[in-house]
Amino acid sequence: MERTKCSRRDFLKLTGTSAAAGLCSALLPQDRAAAAADGLQKVPTRPFGKSGLEVSILSLGGMFDIAGNQLMLKQAARWGVTYWDTADCYRYGIGSEQGIGKFFKRYPSTRQQVFLVTKSDNRDPQGMSKLLDRSLDRLQTDYIDLYFVHGVRSLKELDDETRLWAEERKAEGKIRLFGFSTHSNMEECLLGAAKLGWIDGIMMTYNYRLMHTDRMRRAVDACVAAGIGLTAMKTQGGGSVKTDSETEMKLAGRFVQRGFTDAQAKLKAVWENPQIASICSQMPNMSILMSNIAAALDLKSLSSSDLRLLQDNAVETASSYCTGCVDVCEAAVDSVVPIGDVMRALMYCRSYGDREQAKETFARIPAQVCRQIAQTDFSAAERRCPQKMAIGRLMREALDEFA
Ligand code: SF4
């Protein structure tokens, strides 16, 4: 998941032009959304794989204090953003699952409208059963629409026991669909899942940087052919290094002229692919929610030059963005360093501006592994990295910032 936002920096980019005052309406997509609300316009839906279910093309990511922001859920439902995503480990406020549970308790009829996803950090069947029951209790519901194993890096993490577990929970009516989320080795995970025959849905990192590679195209095609519903996350393509490139300036100006922000354009780029059922986006406040809803309701397509600009930006800022191919770099270092996890912590901090989430992600790395980071030579990993990232420097920066 990710956050789309019109940041202060975006605003400054715009106000750097003399036309800024005239363009301000483009910064207020919520106005367009508010107008559309009167006509009860809803976010469109798409089929979710071969499940026979339709889901809203925009999904509400649950990494925020939901219990303290119940109005967000109400507004999301009102606009048809009825695909809600959470996880047992999202500890925002009293807990993300508990926040949704509080809402369902107060508005029980909403439960039927919502396609509800939660995730298990556990892998063994017993642990998953325990976490699923706890999630059901916290969410104040007796079923989950789609249950994910969280953060899969390799399909070796899922075996016949996992399949049996999923089948049994479906038979009990506790889950309707089963799958996994992945932000590491996504293409391999997707290709493997397409061959299994018992994966209903996958949420994976997918954005304008990744979606045009041959590997990703093949992986998505295979899943669609296998009837697997796909949800894109981290669609803003924010990286571990904060960038301020020429093409970013061009992007911001160009899209404002077209009537949307560059953040909205990045969502649109993903929606242009009908193989993607939904985008899961972190929308922790009303302004981001309404901006994303406005993008989902806007029927304007991106032009070929819009898409080219996005691709130019992807090329120009490649060394700031980790594509999650952790098998490439982690195998090249002598010690066991979770390079992808460290890159993600940096991304949360530098692209999302979420230092708390960054520190929480980094804190999951054992202290002994952190000590190894300082002593590890990352030069072989850097030579293999397709994005030419300064892995060693970034690992040490993360140590300084989060350890
Ligand atoms: S090889 Fe580079 S892009 Fe791939 S996971 Fe490692 S650091 Fe990220």
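A short reminder: the numbers here are calculations on the coordinates, not readings from a lab. Because the structure is predicted, anything quoted here is derived from the model rather than measured. Quick reminder, even Gly has a Cβ in these numbers, built from the backbone with ideal geometry, and neighbours come from all protein chains shown.
Could you check region 345-382 and list, in sequence order, the residues that are closer than 27 Å to Glu248 by Cα, assigned to a helix (DSSP H, G or I) and touching a residue at least 60 places away in the same chain (Cβ under 8 Å)?
Filtering region 345-382 for residues closer than 27 Å to Glu248 by Cα gives 345-358, 382.
Filter once more, so that each one left must be assigned to a helix (DSSP H, G or I): 345-350, 355-358, 382.
Within region 345-382, Leu346, Met347, Arg350, Gln357 qualify.
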Going through region 157-186 one residue at a time, which ones are acidic (Asp, Glu) and farther than 19 Å from Gly197 by Cβ? Glu172
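What number of residues in region 171-206 are within 14 Å of the ligand (Cβ to nearest atom) and within 12 Å of Thr323 (Cβ to Cβ)? Full working, then the answer.
Looking only at region 171-206, we keep the residues that are within 14 Å of the ligand (Cβ to nearest atom), and these are 182-189, 205.
Still in the running and within 12 Å of Thr323 (Cβ to Cβ): 183-187, 205.
Counting residues in region 171-206 that are within 14 Å of the ligand (Cβ to nearest atom) and within 12 Å of Thr323 (Cβ to Cβ) gives 6.
Scanning region 353-403 for residues that are charged (D, E, K, R) and closer than 18 Å to Cys329 by Cα, which turns out nearest to the ligand (Cβ to nearest atom)? Steps first, please.
First, pick out the residues of region 353-403 that are charged (D, E, K, R): 354-356, 359-360, 364, 371, 377, 382-384, 388, 393, 396-397, 400-401.
Then keep just the ones that are closer than 18 Å to Cys329 by Cα; that gives 377, 382-384, 388, 393, 396-397.
Details: Asp377: 15, Glu382: 8, Arg383: 10, Arg384: 6, Lys388: 8, Arg393: 12, Arg396: 14, Glu397: 13 Å.
Ranking the candidates gives Arg384 first.
Take the residues in region 309-332 that are in contact (Cβ under 8 Å) with a residue 60 or more places away in the chain and charged (D, E, K, R); name whichever of them is nearest to Leu251 (Cα to Cα). It would help to see each step written out before you state the result.
Narrowing region 309-332 to residues in contact (Cβ under 8 Å) with a residue 60 or more places away in the chain: 309-314, 316-327, 329.
Keeping just the survivors that are charged (D, E, K, R) gives 312, 316, 327.
Working: Asp312: 10, Glu316: 12, Asp327: 32 Å.
Restricting to residues being in contact (Cβ under 8 Å) with a residue 60 or more places away in the chain and charged (D, E, K, R), the top hit is Asp312.
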Filter region 303-338 down to residues that are within 18 Å of Gln236 (Cβ to Cβ) and either out of contact with any Ser or Thr (no Cβ under 6 Å at 6 or more places or on another chain) or within 10 Å of the ligand (Cβ to nearest atom) (or both), then give me how many there are. 13
